[in-house]
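The values are calculated or read from the model by the stated rules, or taken from the named source; none is laboratory data. None of these values were measured; they are calculated from a predicted model. Glycine gets a Cβ as well: all are built from the backbone with ideal geometry, and neighbour counts include every protein chain shown.
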Amino acid sequence: MLIRFFFCGFLLLGCASNQSKLGHDLELSSYKKIKWSEINLSNAKDKIGTPDISEAVGNNQNEIVWIYLGGTPLSSRLTLLFNKVDGHILNATWFFRSYDKKADTKYLAKKYQFDLTQPRENPQFFGVRKDYYTNPSKSMEMTVVKKDNFVESISWIVGR
Amino acid sequence: MILIKTKKEKGADLSAFFVSTFHLTLKDHPNPGTSADGIIVLYDEAFTQKYNLARILGHELAHQKYLDLSSEDRMSYQSTTNWLPFKTDTGTEKYYSRTDGFVADDGRESPEEDFANNVEFYLFERGRLKRLTPHADRWIAEHYGKDFKIKGKK
């Protein structure tokens, strides 16, 4: 388990001095030319950078999530999910903040070809209500919180 | 069992009104109550001496309060209490979270359950919240103000 960022009790007050600066430097535009299908556990550090948090997850701990922290409030900015066995990437997700100029449903729909006419709703009844929009090839997904139309994230779903 | 529909009128989003009452005891259900967006269900067990009904209702209304938070406030809470989102290969949302500082064990399930527990303890057992999760205590105090308390509670 690699934890570059010292994940102690609380992020903002407890660990501010230990956090990687990398997360703060991340920009969505940096990933325009990334071919996510070519990213794996071996080359991700060179192509993306060292994550703040690396942790085994999944039912059998058979996946590894890399979390790059950034933005205000400090939280996940970019997350990568890998298959622990073969090292292939399964998902890459960019998390927006309310001040991000590009966090606009129509702008992102045009840029990534998300079909705004056919949202998928939350798979379960509980929790915050969200809409999920995909592109024609289903390789990308945009998550929008219904209550305030906040674009929460866009994901590259490589494992689908 | 009592089914409650929560009101969402401006300035009154923690009040509620009863829409139907019927008896149902779920003996295998561990919780005296449950909720989803707009609905609270109180099982018969909630009305036994084993439980504090006001506290159960406070907890379930806190779930509604969490769902009513703006995305910005919800993110602020999650950041303050160390809930870091990521997504699975199917796009399902998961969280990487702190490993300690929970007032109740089921708070480890999700930021929403953690929030409901913390608001419940803020209102009914604040000393424990201050001791175990001081950042959550401060966040609730800053967001809801000094008047956020159970009226009549000594």
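When B:GLY91 is tested against (1) within 14 Å of chain A (Cβ to nearest Cβ); (2) in a helix (DSSP H, G or I), just one condition goes unmet, and that condition is (2). For segment A:68-81: of the residues being at the interface with chain B (Cβ under 7 Å from one of its Cβ atoms) and assigned to a strand (DSSP E or B), which is farthest from A:ASP100 (Cα to Cα)? The qualifying residue farthest from A:ASP100 (Cα to Cα) is A:LEU81.
For segment A:21-57, the set of residues classified as at pLDDT below 60 and more than 17 Å from the chain's Cα centre (by Cα) consists of A:LYS21 only. Inspection of segment B:60-81 finds a residue satisfying the criterion of being in contact with a helix residue (DSSP H, G or I) (Cβ under 7 Å, 6 or more places away or on another chain), without any contact (Cβ under 8 Å) to a residue 60 or more places away in the chain and more than 10 Å from chain A (Cβ to nearest Cβ).
Taking the residues in segment A:45-67 that are touching a helix residue (DSSP H, G or I) at 6+ places or on another chain (Cβ under 9 Å) and at the interface with chain B (Cβ under 10 Å from one of its Cβ atoms) as candidates, determine which candidate is surrounded by the fewest Cβ atoms within 10 Å (Cβ to Cβ).
First pass over segment A:45-67, keeping only residues touching a helix residue (DSSP H, G or I) at 6+ places or on another chain (Cβ under 9 Å): A:47-52, A:66-67.
Narrowing the set further to residues that are at the interface with chain B (Cβ under 10 Å from one of its Cβ atoms) leaves A:52, A:66-67.
Numbers: A:ASP52: 28, A:TRP66: 24, A:ILE67: 27.
Per the criteria, the residue is A:TRP66.
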